Amino acid sequence: MRTLKSIEEYQHIIQEGKNVLLFSADWCPDCRVIEHFLPELEETYNEYQFIYVDRDEFLELCGDLGVFGIPSFIAFQNGDEIGRFVSKDRKSKEQIEEFMNGLTTS
């Protein structure tokens, strides 16, 4: 999974193709729970590029996007937000799969 390095990179990433931003942090126990099945999700939903966003490094971006709990996911396609799974609650593999399956594209 690619890691976001800058706001400029974020602005570029969301403009091209299909991307899912995973907002997370190293200290977050709920974020650690999902780590073991993220590679499988990336393989299953390989039409999306998954981008890891460290919540602590991008607090302003989190605020701008309304991400106040982690782990959280926001999907973009060619600059448009096409879905979000944002909450403070722990997420199961099945919940994330349901989110991914529900993404609509135009």
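Observations on the structure shown:
- Search result, residues across the stretch 3-39 that are touching a residue at least 24 places away in the same chain (Cβ under 8 Å), charged (D, E, K, R), surrounded by 13 or more Cβ atoms within 10 Å (Cβ to Cβ) and within 22 Å of residue 60 (Cα to Cα): 30
- Every test in (1) in contact with a Phe, Trp or Tyr (Cβ under 8 Å, 6 or more places away or on another chain); (2) in a helix (DSSP H, G or I); (3) buried (at least 19 other Cβ atoms within 10 Å of the Cβ) is passed by residue 42 save one, and that test is (3).
- Scanning the stretch 52-71 for residues that are part of a helix (DSSP H, G or I) and touching a strand residue (DSSP E or B) at 6+ places or on another chain (Cβ under 8 Å) yields 61, 62, 65.
- Residue among 7, 51, 13, 34 that alone is closer than 14 Å to residue 93 by Cβ and of a type in the set (A, V, I, L, M): 34
- Looking across the stretch 16-29, the residues that are within 22 Å of residue 88 (Cβ to Cβ) and over 14 Å from the mean Cα position of the chain (by Cα) come down to 26, 27, 28, 29.
- When the stretch 72-106 is filtered for residues that are of a type in the set (A, V, I, L, M) and in a loop (DSSP other than H, G, I, E, B), the ones remaining, listed by number, are 86, 103.
Read-outs: derived from the displayed coordinates by stated rules, not from any lab. Remember, it's a predicted structure, so these values are computed and weren't measured experimentally. Because the Cβ atoms are built from the backbone with ideal geometry, glycine has one as well, and the counts that use them run over all protein chains shown.
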